[in-house]
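**Student:** What follows is a structure written as structure tokens; I'll ask about it next.
What follows is calculated from the coordinates using simple rules that are stated; it is not laboratory data. Every value quoted in this text rests on a predicted model; they were computed, and no experiment measured them. Note that we place each Cβ from the backbone using ideal geometry, even for glycine, and neighbour counts take in every protein chain shown.
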Amino acid sequence: MAVTDLRPPARDRSGWLWPTLAAPGLLWLLVCFIVPLYVVLCVVFGYVDPIFRTAVPVWNPLQWNPTQFTYVLSRIVGPDGIYGPALVRTGMYVLTASTLCLLIAFPVAYYVARLAGTWKGVLLAALIAPFWISYMMRMLAWVNLLQDDGLVNRVLSLGGLFTVDVHWLTGQPVVVILGLVYGYVPYMILPLYAGLDRLPQHTLEAARDLGADRFSSFWRVTLPLCRPTMVAAVLLTCLPMLGDYFTNDLLSASPTTAMAGNLINDSVQAPGQTGQAGAFVMIVLIVALLPMLYYVRVMGRRDEVAS
């Protein structure tokens with residue numbers, strides 16, 4: 001008499017494994033992202049207490065008032081567009097800084113991942129070292145260097161031979177951009193290193209066996225293979241830049257270089273403008289989500305073609 005195995009198939013028994021492992025991460029996103037985002041929406045579409053000038057959130061979406069959000073939108077473009085220049089400036093600064101970060105980070109990551117040899121561990125530790133130092137301390141170091149009597153002006157004056165009258169910390173856009181590059185380039189090097197280090201070696205060797213020189217192998221094989229990693233690294237760097245306000249405050253502190261993060265910070269500190277700060281947050285979030293959704297869609301199509 002045959003014995004019937006009543007146990008469920010292995011695939012059924014492991015059907016709950018991955019959802020169970022993903023549950024802590026999903027709970028973390030719910031508590032630390034979805035709930036705070038809903039609170040921001042309730043503040044944006046709430047109202048301001050007329051006496052104490054404090055934000056009063058409205059928790060029922062059916063009772064939301066779009067006055068504060070429409071006020072911010074009406075001040076972006078048109079004759080009253082006082083916020084538009086800062087938002088456009090943010091896009092220009094972030095685009096320029098991200099491009100410079102990519103130009104700096106890719107050769108460094110490529111060398112460490114593909115050419116460093118026995119020095120890979122040492123160089124990787126050196127790349128991680130900036131994360132051990134406070135971002136504020138690194139920016140304050142640039143403040144000391146860029147002061148009127150700082151090291152930069154001393155070098156430009158060749159030790160006092162020439163008169164250099166450059167005030168770097170008085171609203172210079174190039175200083176803000178270079179500060180963003182200096183602050184965020186480590187965030188781009190590490191993802192690029194991880195992607196370049198995982199490139200299939202047999203594919204690169206096949207290109208060389210087929211007669212491709214080093215440049216052709218890099219241009220036709222290496223670069224296309226690591227293109228998704230490059231896009232992910234750029235997005236990872238752009239997102240914190242969009243809300244950055246600390247770099248501009250330290251290296252410029254001028255309204256002529258104000259970014260979206262400065263608008264948010266100023267609105268939070270001003271009485272009765274917390275809802276407007278939340279509106280700026282929502283605008284930055286929408287702008288940040290668009291390239292992320294595009295990246296997810298492109299990667300999804302790529303996986304479908306690969307399968």
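**Student:** Taking 2.2 N^0.38 Å as the expected size of a compact globular protein, what ratio does the Cα radius of gyration of region 166-244 give against it, to two decimals?
**Tutor:** Cα Rg divided by the expected 2.2 N^0.38 Å: 1.53.
**Student:** Enumerate the calculated ³J(HN,Hα) couplings along region 247-261 in order (Karplus 6.51 cos²θ - 1.76 cosθ + 1.60, θ = phi - 60°), each rounded to whole Hz, writing x wherever the residue is Gly or Pro.
**Tutor:** 4, 5, 4, 7, 9, 9, 6, 10, x, 6, 10, 4, 10, 4, x
**Student:** While we're here: I'd like the per residue volume of the convex hull spanned by the Cα atoms of region 163-307, given in cubic angstrom.
**Tutor:** Values: hull volume 21.5 nm³, N = 145.
In region 163-307, the Cα hull volume divided by residue count equals 148 Å³.
**Student:** Taking θ as phi - 60°, what are the ³J(HN,Hα) couplings along region 240-245 by the Karplus curve (6.51, -1.76, 1.60), each to the nearest whole Hz, with x for Gly and Pro?
**Tutor:** For region 240-245, the Karplus-derived couplings read x, 5, 4, x, 5, 10 Hz, x marking Gly and Pro.
**Student:** Can you give the three extents of the C-alpha atoms in region 50-166 along their principal axes, from longest to shortest, in whole Å?
**Tutor:** So the three principal-axis extents are 63, 46, 30 Å.
**Student:** Search the structure for amide H atoms under 5 Å from the amide H of residue 47, placed 1.01 Å from N in the peptide plane, and list their residues when 5 or more places away or on another chain.
**Tutor:** Close amide H contacts, sequence-distant or interchain: 56, 58.
**Student:** Output wanted: per-residue J couplings in Hz (rounded whole) for region 232-239, from phi through Karplus 6.51 cos²θ - 1.76 cosθ + 1.60, θ = phi - 60°, x for Gly and Pro.
**Tutor:** Taking θ as phi minus 60°, the curve returns 5, 5, 5, 5, 5, 8, 5, 4 Hz for region 232-239.
**Student:** To continue, here is another question. Assign one of three labels to the chain, namely rounded, prolate or oblate, based on the Cα gyration tensor with a ≥ b ≥ c the square roots of its eigenvalues; rounded applies when a/c is under 1.5, prolate when it is not and a/b is larger than b/c, and oblate otherwise.
**Tutor:** Oblate shape, in that a/c is at least 1.5 and b/c is the bigger or equal ratio.
**Student:** Between rounded, prolate and oblate, where does region 233-296 land on the alpha carbon gyration tensor, with a ≥ b ≥ c its root eigenvalues, rounded for a/c under 1.5, else prolate if a/b exceeds b/c?
**Tutor:** Since a/c reaches 1.5 but b/c is at least a/b, the shape of region 233-296 is classed as oblate.
**Student:** On a C-alpha basis, how far is the centre of region 123-152 from the centre of region 266-296 in Å? Whole number, if you could?
**Tutor:** 28
**Student:** Using alpha-carbon pairs under 8 Å, 6+ residues apart, how would you state the relative contact order of the chain in percent?
**Tutor:** Computed over the chain, the figure is 23 percent.
**Student:** While we're on this one: Around residue 245, what is the net charge, scoring Lys/Arg as +1 and Asp/Glu as -1 over all other residues with Cβ under 14 Å from its Cβ?
**Tutor:** Overall, the nearby charge balance is -2.
**Student:** Okay, helix-only estimate at 222 nm for the chain: each DSSP H run of n ≥ 4 adds -39500 (n - 2.57), divide by all residues, round to 500 deg cm²/dmol; what do you get?
**Tutor:** -19500 deg cm²/dmol
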